[in-house]
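Student: Got a structure for you, questions after.
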Amino acid sequence: MLKTLVNRRQVRSMSRCQTIAAVIVGIGAFVMGAAAEAFPPMQIEHAYSDVVPALCAISFTSEITNPATGQTGTRQTQALGVIVSPDGLVLSHGHMQTESIEPFNIRISVGFGNDEREYEADFVGKPHDVNLSFLQIRGDISEPLPYVSFLRNSSLGIGEPILIFGLMGENLDFVRSVQVRRVGAILDNPRTTYCLDSPISFGFVTSPVVTAAGELAGVIGFDMSPQEGGDLHIRSGHPLVYQAELFEQYIRDPETITAVKETVSDGWLGVFTQPLTDDLAQYWGLDQRGGVVISTIMQDSPAEAAGFQRGDIITAFNEIPVRARQDRDILTFTQLVRAAGVGESVMVEFLRDGAPMELEVTLAERPRAARDAGEYEDTVFGLTVREITTDLRLQLNMPDDVQGVIVRRVRSGSWADMAGMRPGVVIMNFGGHAIQTVDDFADAVEAVAAERPSEVAVFARLGP
């Protein structure tokens, strides 16, 4: 019997799902080899009947923006959801929203067959530190909803079997299903990460994870790649187990889903780096022990104030050795800097021209990144613009004296689209109104719309 799962009193109306459980008793097709020994058929049946009522099918429309042209299109998408509270908070995969995808028209189907109920839902948001999405079922809930609760501080071992639950494909009517996987690898940095031993189908992304001990340990997820906006924890392309402690705080207090992102104060050093690969170490005549090579120092950054130079090789940060030898190892260094916190003074050991040195540096608050920048959607001319952040200036090699807003999206068929406006254009003056901030642009659009001129002059920067 599972230790922390669905409140059975609230799932009596889900008799159809329990009937399905009886049909799926022939689950041996999914349970092969030694993994089957860890889950006797009766335990699988109990886990299925406990977890499956809380699974739901999510359908939503995605607005997809072409980053090259700024034009938008729509696509209808389905996903697995898990109800995690009695008032209808739903957990799903984090790729519902990315830099170029926005979900809307969300509907959630709970139950199956004659017991199926459909609800409208709102997109609540994504936490800053785990690639999951939270949705909220809208309006009054006529009947109590089944939901799951998770066991905190549950750990998994290498080779440990787990049960996962999900939806079969559309041609199988999205029937609920169960499969067995194993923990194929465990990564320690930048946080403990459990990797499955084999791929899974899309209908099992966000599946609850049940251990052989009957613990509901977490859910299945995929990290975002850097191209999708991933930053702090990047183990993209392979199914992972997100432990309950990574997201349970957001279930207890959904308001923190976005609030944490807004209030978190990461330490910031102000450098761009690369790993000290064995080839680089050999070329410079250094020991092949790894490190972080400073390739760029940002203006007015803590690193500049402390006296660092391009080419310095960081070997220890705050007394913790830094041994980066591959690109992915840079994540560990990034986490060290962020975790140190704003205003903290730390010692940094490094090599300069092969000689060991150290400097004390006081970390500052990390500047807002492009993905967190303020935006404004202009419904008159069809532009969505974004403030110009420090990282964007570096990426575009844009000097500080260039002020304005940068175009992120252009609505297809809009006045801006017909005028040839494209993403990446920096608007510095709009209709005779100087633009420095997003608010300036919003005011300018309102003023120009009120004036109703026959044409609008735009002074803009078109490229680096």
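Student: For the stretch 301-405, which fully contained helices (runs of 4 or more DSSP H) count at least 3 residues that are of a type in the set (S, T, N, Q)?
Tutor: On the way: elements: 302-306, 330-340, 390-396.
Because the criterion is at least 3 residues that are of a type in the set (S, T, N, Q), the helices (runs of 4 or more DSSP H) in the stretch 301-405 that meet it are 330-340.
Student: Exactly one of (1) at negative phi; (2) open to solvent by 50 Å² or more (accessible area, probe 1.4 Å) is unmet by Asn153. Its number?
Tutor: (1)
Student: I'd like the full set of residues that are open to solvent by less than 50 Å² (accessible area, probe 1.4 Å) and among the hydrophobic types (A, V, I, L, M, F, W, C), limited to the stretch 341-352.
Tutor: Scanning the stretch 341-352 gives Val346, Val348, Phe350, Leu351.
Student: Same structure again: Answer yes or no as to whether Thr332 is open to solvent by 30 Å² or more (accessible area, probe 1.4 Å), in contact with a helix residue (DSSP H, G or I) (Cβ under 7 Å, 6 or more places away or on another chain), among the β-branched types (Val, Ile, Thr) and closer than 27 Å to Asp129 by Cα.
Tutor: Here the answer is no, as Thr332 does not meet what is asked.
Student: Now for a separate question. If Glu228 satisfies all but one of (1) more than 24 Å from Ala324 (Cα to Cα); (2) modelled with pLDDT under 90; (3) out of contact with any Asp or Glu (no Cβ under 6 Å at 6 or more places or on another chain), what's the number of the condition it fails?
Tutor: (1)
Student: Among the residues of the stretch 109-116, is there at least one that is open to solvent by less than 20 Å² (accessible area, probe 1.4 Å) and modelled with pLDDT of 90 or more? Give the steps one after another, and end with the answer.
Tutor: The first filter runs over the stretch 109-116 and keeps only residues open to solvent by less than 20 Å² (accessible area, probe 1.4 Å), leaving 109-111.
With the extra rule that they be modelled with pLDDT of 90 or more, the set shrinks to 109-110.
Yes, the stretch 109-116 has at least one match.
Student: Hey, Ser412 hits all of (1) hydroxyl-bearing (Ser, Thr, Tyr); (2) open to solvent by 30 Å² or more (accessible area, probe 1.4 Å); (3) free of Cβ contacts under 8 Å to residues at least 24 places away in the same chain but one; which does it fall short on?
Tutor: Unmet condition: (3).
Student: Specify which of the listed residues (Arg338, Arg366) is under 26 Å from the mean Cα position of the chain (by Cα) and open to solvent by 80 Å² or more (accessible area, probe 1.4 Å).
Tutor: Numbers: Arg338 fails: open to solvent by 80 Å² or more (accessible area, probe 1.4 Å).
Only one candidate qualifies: Arg366.
Student: Report the residue count in the stretch 435-458 for those that are in contact with a helix residue (DSSP H, G or I) (Cβ under 7 Å, 6 or more places away or on another chain) and loosely packed, with under 13 Cβ neighbours inside 10 Å. Lay out the reasoning, then the answer.
Tutor: At the first step, the residues of the stretch 435-458 found to be in contact with a helix residue (DSSP H, G or I) (Cβ under 7 Å, 6 or more places away or on another chain) are 435, 456.
Adding the requirement that they be loosely packed, with under 13 Cβ neighbours inside 10 Å leaves none.
The total comes to 0.
Student: Still on this structure: Applying the selection to the stretch 410-434, what residues are under 23 Å from Ala450 (Cα atoms) and among the basic types (Lys, Arg)?
Tutor: Passing the criteria: only Arg411.
Student: Something else about it: Which residues, taken from the stretch 416-442, are within 14 Å of Phe381 (Cβ to Cβ) and without any contact (Cβ under 8 Å) to a residue 40 or more places away in the chain?
Tutor: Taking the stretch 416-442 first, the residues within 14 Å of Phe381 (Cβ to Cβ) are 416-422, 425, 427, 430-431, 433, 435, 441-442.
Selection gives Ala416, Met418, Ala419, Gly420, Val425, Phe430, Gly431, His433, Ile435.
Student: I'd like the residue in the stretch 272-296 that is in a helix (DSSP H, G or I) and acidic (Asp, Glu) and, out of all such residues, is most open to solvent (accessible area, probe 1.4 Å). It would help to see each step written out before you state the result.
Tutor: Here is the first cut: in the stretch 272-296, the residues in a helix (DSSP H, G or I) are 278-283.
Still in the running and acidic (Asp, Glu): 278-279.
Working: Asp278: 53, Asp279: 117 Å².
Here the answer is Asp279.
Student: In the stretch 74-100, how many are open to solvent by 30 Å² or more (accessible area, probe 1.4 Å) and over 22 Å from Val178 (Cα atoms)?
Tutor: So the count comes out to 9.
Student: Across the stretch 164-186, which residue is most open to solvent (accessible area, probe 1.4 Å) among those that are within 15 Å of Leu80 (Cβ to Cβ) and of a type in the set (A, V, I, L, M)?
Tutor: Leu172
The values are calculated or read from the model by the stated rules, or taken from the named source; none is laboratory data. This structure is a prediction, so every number in the text was calculated from the model and none was measured. Neighbour counts are summed over all protein chains in view; Cβ atoms, including those assigned to glycine, are modelled from backbone coordinates with ideal geometry. The accessibility values were calculated without ligands, DNA or RNA, using every heavy atom of the protein model including side chains. Shrake-Rupley method; radii C 1.70, N 1.55, O 1.52, S 1.80 Å.
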